[in-house]
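Participant: Here it is, the structure, as structure tokens.
Just so it is clear, none of the values below were taken in a lab; they were calculated from the coordinates. From a predicted model like this one, the values you see are computed outputs, not experimental measurements. Positions of Cβ are generated from backbone atoms using ideal geometry, with glycine treated the same way; all protein chains shown enter the neighbour counts.
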Amino acid sequence: MTRQNTVTPSGALDPLPALDHLSEIAIAVFETHLSHAERCVGCGTSWPCEQVVLAHHNLAVL
């Protein structure tokens, strides 16, 4: 999905589309990288996998 860059009335680039996209990506990671027997079903690594940790950190910033 392509995001449009929008400009605020002050002329600054609007960060909301990028933040929305980051949130959507994090949610998709949480939906596919699930814990089962202390392994990630999405990538097979030990739980929590790097992608889940990164997604968690990204949402924490939002």
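Participant: Using alpha carbons only, how many degrees (0 to 90, rounded to 10) separate the axis of helix 50-61 from the longest principal axis of the chain?
Facilitator: 40 degrees
Participant: Treat every Asp and Glu Cβ in the chain as -1 and every Lys and Arg Cβ as +1, leave all other atoms uncharged, and give the resulting dipole magnitude about the Cα centre to the nearest 20 debye.
Facilitator: 60 debye
Participant: Still on this structure: Can you tell me the alpha carbon radius of gyration of the chain divided by the globular rule-of-thumb value 2.2 N^0.38 Å?
Facilitator: Values: Rg = 15.3 Å, N = 62, 2.2 N^0.38 = 10.6 Å.
Relative to the rule-of-thumb radius for its length, the chain sits at 1.45.
Participant: Under 4.7 Å Cβ to Cβ, no partner at all: give me those cysteines from the chain, in residue order.
Facilitator: Taking the Cβ cut-off of 4.7 Å, the unpaired cysteines of the chain are CYS43.
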